Every structure is written in C-alpha cells, then in structure tokens.
Amino acid sequence: MEKARLFVGTFLNAGQASLVEDLKKTNTQLSQRWQLRARFVPAQKLHLTWFFIGDAEADQIENIKADLQSAIDDWKSAKDNRTFPIQYDRLEVWSSLKSPRVLVFESTSKCPQAESLNSAITKALLKYTPKNDKVERFKRFRPHLTVCRFSPEANRRTSEKTKRTLGDFQLPADFFPLTHEIGSVSLIESDLNAGPNGYSSLFDIALD
C-alpha cells in the first residue's frame, strides 16, 4: 500500500524566511566550532508544525483533508478565532548543548489561540498516525521553528568533549522577537529524498 509522510504546518512568509536563512552566512564556522555537522533548514522549508502524522496510507489523504477542514471550521467558530501572530523570542538547542540534535527558535509567551488550534488539529488527526507511532511528542504544545539540524562528525570522542554555548550562534542584536503571522494551515507531504524542495502543500486552509 502506497504511503505518504504527512504533517500539518504553517510556513514562514518569504521575507521572514529570508531573515532566518541569512543566519547561515553569519554562522559558517558553527560546524567546526561545535564539532558537528550543522545543516541549516532551507528557506522554503521553514515552518511551524501543528501536528506530525507520519507515514499515512495514501488512500486516506482525502479523509485527512476533510477532517482537518472540519477541525479548522469548528476552531474558527469558537470564540470567533481567526489569524493571529506567534512571536519567537528565544534560541534553544534540543536535546542539549552536550548532545545537540536541533537548534530552534521557541516562543515562550502564552498564546491561547495557538494552543487551542494545536489541540483541535491533534484531536482530529491523531487517529491517522501509524499504529507503531514512535514520534516524540510534547506533553504541551511548544511553538518553535527548527533552524538547524546537527549530526555527529566521524570523531565522536572529540565531539562529546567539545564545550558549546548558545553565544556561539551569531544573531543580530535586534533579531528577536521574530513574528510569525499565522494566516493559514497546510497539510504538507514530506519527501525525504527531494532535498530542499522536499515539502509540498497538498491542502491549504485560510484562517481569515
């Protein structure tokens, strides 16, 4: 049975994505400094994830679209929800500086609309996740942008002994807060073999 790797997300607009992508130029020494392979996320793939489905049956896509549309319609009707901003205000490394996996911009301020939207989408689509779902899911929604991914270099011993600080990552003084206008959500297919162009939107829903 054919499968599709799916998630629900909201992309950054071109201007915001360009600002983030420019950070690659000012952090060219990060791989050497951290003794890790630093892979910056291409501008066209920068997004906030609302819910990661995983490898779903391709013949379920139309049902997923319908359930997502219904969830968004219900969310919009509750308290007259519409478009809203999320502000990313903190730089973080997950899981830790000692064992970095990803570098993210995180939003630390409460955003009830974002939390309720995440909850509505999750409840509608959780049934489509694979039965052997092994995705690490947060107990609470943590809005973030993944900016850079890390993988170990050949010399793991050197990498493990390397001292790292968040100050090693260069940001303009006035970079934060970065405002992400949430005007739509999309059902997105991820093709792991397609490189920078590996995300394609299958279904877009406006929130206005």
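Bear in mind that the values in this text are calculations on the coordinates, not laboratory data. Just so we're clear, the structure is a prediction, and the values are computed from it rather than from any experiment. Counting neighbours? That spans all protein chains shown, and the Cβs are built from the backbone with ideal geometry, glycine included.
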Legend entry - Virtual spin-label span in nm between S31 and V135, 7 Å along Cα→Cβ: 2.9 nm
Legend entry - Phi-based couplings in Hz for region 199-208 (Karplus 6.51, -1.76, 1.60; Gly and Pro marked x): 10, 10, 7, 9, 6, 10, 10, 6, 9, 7
Inset, instruction - Mind checking the full-extension length gain between N13 and R142? Use 0.36 nm per residue of separation minus the Cα-Cα distance, one decimal, nm. - result: 44.4 nm
Inset, instruction - Using Cα positions and a limit of under 17 Å, work out the aspartates and glutamates in reach of K76, with same-chain residues fewer than 8 apart set aside. - result: D67, E115, E181, D204, D208
Legend entry - GluC sites (Glu not before Pro), loop per DSSP, at most 15 other Cβ atoms within 10 Å - longest free stretch of the chain: 3-135
Inset, instruction - Tell me, rounded to the nearest percent, the portion of alpha carbon pairs in region 93-148 spaced more than 13 Å apart. - result: 71 percent
Inset, instruction - Please compute the Cα-Cα pair-distance distribution of region 3-206 with 10 Å bins starting at 0, giving whole percents from short to long. - result: 8, 32, 35, 19, 5, 0
Legend entry - Interchain or long-range residues, amide H under 5 Å from R101's placed H: W94, S95, S96
Legend entry - Dipole in debye (nearest 20) - the chain, about Cα centre, beta carbon charges: Lys, Arg +1; Asp, Glu -1: 1240 debye
Inset, instruction - Sum -39500 (n - 2.57) across every DSSP H segment of at least 4 residues in the chain, then divide by the residue count to get the 222 nm mean residue ellipticity, nearest 500. - result: -7500 deg cm²/dmol
Legend entry - Using alpha-carbon coordinates, inclination of helix 61-77 to the longest axis of the chain, degrees: 80 degrees
Inset, instruction - Assuming R0 = 22 Å, can you tell me the calculated FRET efficiency for the pair E2 and N197, based on Cβ-Cβ distance, to the nearest 0.05? - result: 0.60
Inset, instruction - Grab every C-alpha pair in region 1-68, bin the distances at 10 angstrom width from 0 up to the longest one, and report whole percents. - result: 18, 31, 28, 18, 5
Legend entry - Label-point gap, in nm, between L126 and A66 - each point 7 angstrom along Cα→Cβ: 2.2 nm
Inset, instruction - Go ahead and run the numbers for FRET between T83 and R149, Cβ-Cβ distance against an R0 of 22 Å, rounding to 0.05. - result: 0.15
Inset, instruction - Mind sorting D208, D55, D67 by how few other Cβ atoms lie within 10 Å of their own Cβ, fewest first? - result: D208, D55, D67
